[in-house]
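*Asks:* Here's a structure for you.
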Number of protein chains: 2
Amino acid sequence: MNPRDSRTAVTALLADRGYRLTAPRRQVLDVLVASRTPLSAAEIHRRLENRRINLASVYRTIYVLRRLEAVRVTDAIGAEQRFELADPFSAHHHHLICQDCGRIDDFEGCPLEERVLRAVNRRVRRSRRFRVVQHELRLIGACADCDRGRPDGAERRP
Amino acid sequence: MNPRDSRTAVTALLADRGYRLTAPRRQVLDVLVASRTPLSAAEIHRRLENRRINLASVYRTIYVLRRLEAVRVTDAIGAEQRFELADPFSAHHHHLICQDCGRIDDFEGCPLEERVLRAVNRRVRRSRRFRVVQHELRLIGACADCDRGRPDGAERRP
DNA sequence: GGTAGACTGCAACTCGTTTGCAATATGAAT
DNA sequence: ATTCATATTGCAAACGAGTTGCAGTCTACC
């Protein structure tokens, strides 16, 4: 689904479920649609055109978008939550997460074949009575900027 | 690696890198080795035999164990951080995460074949100059306890 | 345009995590 | 065993992401 369509689809979904289309909601949605990486609430807030919108409203908007399953959470490694458009509204993808700087990038496509996925889902369904709704693959490592002159597993923190 | 060996290996690693083997460290390690699911700092603290150990020491121990790459973080969906033994010290596995109650269970084995993994690693190495160190597959859905009479995408929060 | 009530901004609050500091315990040397 | 330098701890205060109550505002619908 392309950005324009995602936007339309989500606003329609909002109206359909009886939610009002307010300025904060429209703008948060615009920011999410425009970004090709997951964003934290603070980042979304920073990118809003109207800076008088409160951070609390960003959180509240994210909350309703999550209820509508238009947005999902994908955490960084031990950092704040990050949000992105959920699967029907964006192409299925996974994430490259930098261990060092916490940066997250999208990774187009999915190395898990349909066949394998179905087998896994069936297996956990039977053995654990767990119903898989979505899957998320996180490739964790070192991004281009961080992967220089760092032979040891050194980190930033004191 | 079995629990006893993991314990020995990690304590050896601590000594080897010049860290002292103190009561808090030994006990936090014991708790981690004994658990077959990732634990939050508070949960680890609750399970320590000597309850006079401070929560701050649990965090500090986790910090050094992470530096040694003996422990890794795996977040719940929008909840607190959870910690578990890292790959060399525990069998390679992934997680079942319940969308609803946040519960995390281990999922033995890995549906990603060596061949596929290598191809993916090569691909992101070339196209993004990203070096993959580890991967994490999260199967997100509904656990046995939560998957009853919840046709709508309803959640807990108000 | 007028109206009910959904929604926002604000500010105070919660709670997971971090940190400064004085007191304590560890590992190595004696 | 005893001593010693200092790495490590407990405590309490601080920090920061995320949440919430409330009075005022704006949306959707008439």
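The values are calculated or read from the model by the stated rules, or taken from the named source; none is laboratory data. Only a predicted model underlies this, so the values are computations on that prediction, with no experimental measurement involved. FYI the Cβ positions are ideal-geometry reconstructions off the backbone, even for glycines, and counts take in every protein chain you see. Ligands, DNA and RNA are stripped out before the accessible areas are found, and what is left, the full protein with its side chains, is counted by its heavy atoms. Shrake-Rupley method; radii C 1.70, N 1.55, O 1.52, S 1.80 Å.
*Asks:* Within segment B:45-59, can you find the residues that are in a helix (DSSP H, G or I) and in contact (Cβ under 8 Å) with a residue 24 or more places away in the chain?
*Replies:* Selection gives B:57, B:58.
*Asks:* Which condition breaks for residue A:37 when tested against (1) at pLDDT below 95; (2) open to solvent by 30 Å² or more (accessible area, probe 1.4 Å)?
*Replies:* (2)
*Asks:* I'm trying to understand the selection: among the residues of segment A:62-90, which are assigned to a helix (DSSP H, G or I) and within 9 Å of another protein chain (Cβ to nearest Cβ)?
*Replies:* A:63, A:66, A:67
*Asks:* Hey, among the residues in segment B:1-14 that are more than 14 Å from DNA strand C (Cβ to nearest atom) and of a type in the set (Gly, Ala, Ser), which one's farthest from the other protein chains (Cβ to nearest Cβ)?
*Replies:* Of everything passing the filter in segment B:1-14, B:6 is farthest from the other protein chains (Cβ to nearest Cβ).
*Asks:* Any residue at all in segment B:15-32 that's within 14 Å of chain A (Cβ to nearest Cβ) and away from DNA strand C (no atom under 13 Å from the Cβ)?
*Replies:* There is no residue in segment B:15-32 that is within 14 Å of chain A (Cβ to nearest Cβ) and away from DNA strand C (no atom under 13 Å from the Cβ).
*Asks:* Then there is this: Of all the residues that make up segment A:44-80, how many are open to solvent by less than 60 Å² (accessible area, probe 1.4 Å) and of a type in the set (Phe, Trp, Tyr)?
*Replies:* 1
*Asks:* Which ones in segment A:47-70 are of a type in the set (A, V, I, L, M, F, W, C) and either under 18 Å from the mean Cα position of the chain (by Cα) or near DNA strand D (Cβ under 8 Å from one of its atoms) (or both)?
*Replies:* If the condition is that a residue be of a type in the set (A, V, I, L, M, F, W, C) and either under 18 Å from the mean Cα position of the chain (by Cα) or near DNA strand D (Cβ under 8 Å from one of its atoms) (or both), then A:48, A:55, A:56, A:58, A:62, A:64, A:65, A:68, A:70 are the ones that fit.
*Asks:* So, of the residues in segment B:1-31 that are among the charged types (D, E, K, R) and part of a loop (DSSP other than H, G, I, E, B), which turns out to be surrounded by the most Cβ atoms within 10 Å (Cβ to Cβ)?
*Replies:* B:17
*Asks:* I'm trying to understand the selection: among the residues of segment A:113-155, which are more than 7 Å from every other protein chain (Cβ to nearest Cβ), modelled with pLDDT under 90 and farther than 20 Å from residue A:95 by Cβ?
*Replies:* Scanning segment A:113-155 gives A:148, A:149, A:150, A:151, A:152, A:154.
*Asks:* Can I ask one more? Would a scan of segment A:81-101 turn up a residue that is at negative phi, within 11 Å of DNA strand D (Cβ to nearest atom), buried (at least 20 other Cβ atoms within 10 Å of the Cβ) and of a type outside the set (Ser, Thr, Tyr)?
*Replies:* Within segment A:81-101 (the criterion being at negative phi, within 11 Å of DNA strand D (Cβ to nearest atom), buried (at least 20 other Cβ atoms within 10 Å of the Cβ) and of a type outside the set (Ser, Thr, Tyr)), the answer is yes, since at least one residue qualifies.
*Asks:* Please verify whether residue A:45 is within 24 Å of residue B:96 (Cβ to Cβ) and away from every other protein chain (no Cβ under 12 Å), treating the condition exactly as stated.
*Replies:* No: the conditions fail for residue A:45.
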